[in-house]
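Data block below; observations after.
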Amino acid sequence: MYIYADNAATTKMSQRALDAMLPFFTDVFANPSSPHTPGQRAAEALWQAREAIAAVIGCSPREITFTSGGTEADNQALLSAAWNGAKIGKKHIVSTAFEHHAVLRVLDKLERQGFSVTLLQPDRDGLIAPMAVDQAIREDTCLVSVMTANNEIGTLQPIAEIGAICREKGVVFHTDAVQAAGHIPLDVQAQNIDMLSASAHKFHGPKGVGFLYVKRGVELHAVLEGGGQERGKRAGTENLPAVVGMAAALKESQEHIDKYREKLTIIRNRIIDGIKENVPHCALNGDRDKRLPNNINMCFEGIEGEPLLLLLDHAGIAASSGSACASGSHDASHVLRSLGLPEEVSRGSLRLTIGEEITDAQAAHIVQSVTEIVARLRSLSPVWHDCEIGKRPFFFD
Ligand SMILES: Cc1ncc(COP(=O)(O)O)c(C=O)c1O
């Protein structure tokens, strides 16, 4: 029995998405930009995929631009809004300290180019208060970017409220919904969203494809220059099989969204409670309820996350200590640090992102394995020993 509990890093392709893709490698393989009949069949499939995705998030197909994934969608959204702002002398951006690096690194770059950036700190529960966004917006603010769901701790932000504030103040609102799309319902109109990024491999679609929603009236700029694909906003021959797979996966996720949420929330809470009952001096990171149904992120005092992951792998459990992009680096997670956790404590983190296929027996195996491995690592840890003999204080009760 091997348990894959790293669905925030990536998900397994759904059979339906894979089946939908296959004819587009061998049968409908023509270039959608070609005017001949096979090309037009490909163009028609591209349009149908655009329509299917638009229907799920509640926008017009013309407001969807296909990209190579979440990173590209985030880059294009932020750069476009910044360039639009600069044209009218607005060069201030509001975002949060716990965004994905696909947002934070673009903001760093914009700062070096003369933009000013306000990064809001989440509260201890990993939530951003709409009031904090309201107060951070200035006369010269051109963009607010707040992620829908955090990739490490899974907390869900009050997107509709933040969007309403931005709309009232005439500021463009972007949300990185890469972890949210396919997992919780999204509606760009009801949630007052102007730009939204998503990535297929997070909702059982193929890797290397995503989309950016941009509300009509907000100017989108090309970041990749070349051919006139995607109405001149994203050059390069479209990855038609991947786009078709993404549309099929998003539709399928949408169909299962309530059932998935119900099942996973119950199992998620059972795992959290089980670990907390069995392991002293640990804590759940992020609000218990305002979080993705499949996300468990915990810190264990006195140990490091890396050996925990290694031993969990030996016990047949694939987990993570944070985002996949950051693993391998020994820096403490910027997300956990933004919650106010000391560096030492945030190094002892574990992220489990369970999948729909999880069984009760697997959940019990996770609880048992985490309990045993944490105890084993603590028995070897000088930090834990110091806490036990009162030489250093425990951070968690
Ligand atoms: C919140 C968030 N934004 C952006 C990305 C980047 O997406 P992609 O891997 O499709 O480039 C990720 C990937 O982990 C993510 O979790």
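Readers should treat all values here as calculations from the given coordinates under stated rules, not as data from a laboratory. Keep in mind that what you see is a predicted model, and the values were worked out from it rather than measured. Cβ: placed from backbone, ideal geometry, glycine included. Neighbour counts: every protein chain shown.
Per residue, the convex hull spanned by the Cα atoms of the chain amounts to 140 cubic angstrom. Near the amide H of residue 187, within less than 5 Å, lie no amide hydrogens of residues on another chain or at least 5 residues away, with H placed in the peptide plane.
Pull out a ≥ b ≥ c, the square roots of the eigenvalues of the alpha-carbon gyration tensor of region 272-385, then state rounded if a/c is under 1.5, prolate if not and a/b is larger than b/c, and oblate in the remaining case.
Details: a/c = 1.41, a/b = 1.13, b/c = 1.24.
Rounded shape, in that the Cα axes give a/c under 1.5.
Could you tell me which helices of the chain pass both thresholds, a Cα extent of 27 Å or more along their own axis and a mean Kyte-Doolittle hydropathy of at least 0.0, with helices taken as whole DSSP H runs?
Numbers: long enough: 37-57 (31 Å, 0.14); 240-278 (49 Å, -0.34); 360-379 (29 Å, 0.20).
Helices meeting the span and hydropathy rule in the chain are 37-57, 360-379.
The helix-based estimate of mean residue ellipticity at 222 nm for the chain, built from -39,500 (n - 2.57) per DSSP H run of four or more residues and divided by its residue count, is -13000 deg cm²/dmol to the nearest 500. Beyond 26 Å in Cα-Cα separation lie the following of the pairs 109/233; 202/263; 12/109: 12/109. Peptide packing: for 41-53, 244-256, the average count of neighbouring Cβ atoms within 10 Å per residue gives the ranking 244-256, 41-53, highest mean first. Normalised by 2.2 N^0.38 Å, where N is the number of residues, the alpha-carbon radius of gyration of region 211-321 equals 1.60.
In percent, rounded to a whole number, the relative contact order of the chain is 21, using alpha-carbon pairs under 8 Å and six or more apart.
Rounded to the nearest 20 debye, what is the charge dipole size of region 258-397 about its Cα centre when +1 sits on each Lys and Arg Cβ and -1 on each Asp and Glu Cβ? Provide the component values of the computation, followed by the final result.
Details: 16 positive and 20 negative charges, 41 e Å.
Charge dipole of region 258-397: 200 debye, to the nearest 20.
A straight Cα-to-Cα reach below 17 Å connects residue 215 with the aspartates and glutamates 51, 63, 74, 168, 176, 187, 194, 230, residues fewer than 8 places away in its own chain not being considered. Scaled to the globular estimate 2.2 N^0.38 Å, the Cα spread of region 1-111, given as radius of gyration, is 1.43.
For a Förster distance of 25 Å, can you work out the FRET efficiency between the beta-carbons of residue 364 and residue 288, rounded to the nearest 0.05?
Numbers: r = 20 Å, r/R0 = 0.80.
Approximately 0.80, to the nearest 0.05.
When only alpha carbons are used to place a centre, region 203-282 and region 159-183 end up 16 Å from one another.
Label sites at residue 278 and residue 371, each approximated as a point 7 angstrom past Cα along Cα to Cβ, lie 0.4 nm apart. Each label was represented as a point 7 Å from its Cα along the Cα-to-Cβ direction; for residue 15 and residue 2 these points are 2.0 nm apart. DSSP assigns beta bridges within region 15-253; of those with both partners inside it, close to 40 percent run antiparallel. Dipole size of region 15-253 about its Cα centre, with +1 on Lys/Arg Cβ and -1 on Asp/Glu Cβ: approximately 420 debye, rounded to the nearest 20. Size of region 149-270 from its Cα atoms: along the principal axes, largest to smallest, the extents are 51, 40, 24 Å.
Note down the relative contact order for region 1-127 as a percent, whole number, built from C-alpha pairs under 8 angstrom at least six residues apart.
Working: 89 pairs, mean separation 17.3, N = 127.
Taking the mean separation of contacting Cα pairs over the length of region 1-127, I get 14 percent.
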